[in-house]
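Input: a single structure, listed below in structure tokens.
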Amino acid sequence: MSFRLTATSVRLCPLSRSLLLSGAALAALALAGCETATGIRPPGRGIAEIADTDPKAASVNIDSLSEVIRRNPSSAEAYNTRGVAYARVGRFQEAIADFSQAIKLDPNNAAAFTNRALANRQMGQSDLARADFDHAIQVSPNHAPAYIGRANLLRAQGNLDLARSDLDTAIRLNPENAQAFHARGLIHQKNGDNARAVTDFDNAIDRDPFAAAPYQARGESLVALGKYDKAIEDFNAALNVDNKSALAWAWLGVAYDKSGNRGKAQEAYQRALQIDPQQPVAKQGLRG
């Protein structure tokens with residue numbers, strides 16, 4: 001399951017700017033100006049991946065952001081931005097503290113509420129996350145990232161109808177958001193409507209062709225629809241992005257099995273098990 005932290009614009013030195021994230025949820029979202037988008041991975045499947053971060057560079061950037069806060073102690077944007085930097089390197093408690101300070105300074109800061117919600121999800125605090133998503137939407141009903149974040153939480157909790165409603169709203173507000181289409185496709189897939197799922201995954205890939213997760217998900221739906229050759233193409237596309245995905249190797253094996261190529265299927269299953277010896281799809285495929 002897929003989201004990106006959101007930051008409002010604040011003028012920083014070049015080092016600090018490298019940690020800014022665009023005004024969108026924790027996933028593949030459009031960049032804003034000179035900002036660089038990256039993210040932290042939410043619980044479950046999704047588009048967003050943890051970015052590889054040089055600890056020394058991260059420390060320098062956080063120090064630079066702290067200097068911005070020292071000079072602008074009443075800037076909610078500065079706290080929100082440093083919170084994003086903390087979250088990016090897994091320092092979620094400090095991130096939450098910064099997002100909370102941003103909210104104290106600006107109680108209508110939807111980005112800070114959304115970011116705190118996402119950080120709370122990383123900490124396993126779903127109730128707090130839900131309250132913050134609700135507050136973000138209350139103060140800014142057109143803030144699409146909050147709908148996406150809440151939808152992903154609702155989907156994880158099995159509330160698919162409300163999750164789909166939130167994603168419909170997010171797509172209406174931002175039709176170019178790849179993550180919203182991907183997340184809605186997962187709901188269709190969960191409901192067994194693989195044709196509609198493929199359409200949403202198509203839209204996600206059109207908007208972000210360099211993310212692995214939509215190819216993986218579309219491949220699974222294509223297998224369910226009996227379109228094995230196209231599924232093989234998708235799993236290979238996912239592996240081109242991340243060739244250490246045990247899940248992609250396992251499902252590539254399934255697609256080869258379904259198409260009658262047992263030899264390539266076994267090779268793919270073995271690759272999956274080299275990465276994750278407990279990968280269930282690959283283990284079942286080899287037994288079959």
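The values are calculated or read from the model by the stated rules, or taken from the named source; none is laboratory data. Keep in mind that what you see is a predicted model, and the values were worked out from it rather than measured. As a convention, Cβ positions derive from the backbone with ideal geometry for all residues, glycine included, and neighbour counts pool all protein chains shown. When the accessible area is computed, the model is the full protein with side chains, heavy atoms only, and any ligands, DNA or RNA have been set aside. Shrake-Rupley method; radii C 1.70, N 1.55, O 1.52, S 1.80 Å.
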Kindly indicate which of Tyr228, Tyr269, Tyr256 is of a type in the set (Phe, Trp, Tyr) and open to solvent by less than 20 Å² (accessible area, probe 1.4 Å).
Tyr269
Going through (1) touching a residue at least 60 places away in the same chain (Cβ under 8 Å); (2) of a type in the set (A, V, I, L, M, F, W, C); (3) in contact with a Pro (Cβ under 9 Å, 6 or more places away or on another chain) one by one, Phe181 fails only at (1)
Selection within segment 216-228 - within 15 Å of the chain's Cα centre (by Cα) and more than 21 Å from Asp168 (Cα to Cα)
Gln216
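Residue by residue, here is whether (1) of a type in the set (D, E, K, R); (2) under 23 Å from the mean Cα position of the chain (by Cα) holds:
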| site | (1), (2) |
| --- | --- |
| Lys230 | yes, no |
| Phe235 | no, yes |
| Lys244 | yes, yes |
| Trp249 | no, yes |
| Val254 | no, no |
| Asp257 | yes, no |
| Gln270 | no, no |
| Asp276 | yes, yes |
| Gln284 | no, no |
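Here's the yes/no breakdown for (1) modelled with pLDDT under 75; (2) under 20 Å from Asn177 (Cβ atoms); (3) open to solvent by 20 Å² or more (accessible area, probe 1.4 Å); (4) not basic (Lys, Arg):
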| site | (1), (2), (3), (4) |
| --- | --- |
| Ala28 | yes, yes, no, yes |
| Ile47 | yes, yes, no, yes |
| Gly83 | no, no, no, yes |
| Val89 | no, no, yes, yes |
| Gln101 | no, no, yes, yes |
| Leu105 | no, no, yes, yes |
| Phe113 | no, yes, no, yes |
| Arg116 | no, no, yes, no |
| Asp127 | no, no, yes, yes |
Search result, residues across segment 71-93 that are assigned to a helix (DSSP H, G or I), under 15 Å from Ser59 (Cα atoms) and without any contact (Cβ under 8 Å) to a residue 24 or more places away in the chain:
Arg82
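Does Asn191 count as open to solvent by 20 Å² or more (accessible area, probe 1.4 Å), farther than 24 Å from Asp257 by Cα and in contact with a Phe, Trp or Tyr (Cβ under 8 Å, 6 or more places away or on another chain)? Spell out the reasoning first.
Values: open to solvent by 20 Å² or more (accessible area, probe 1.4 Å): yes; farther than 24 Å from Asp257 by Cα: yes; in contact with a Phe, Trp or Tyr (Cβ under 8 Å, 6 or more places away or on another chain): no.
So Asn191 does not fit the description; no.
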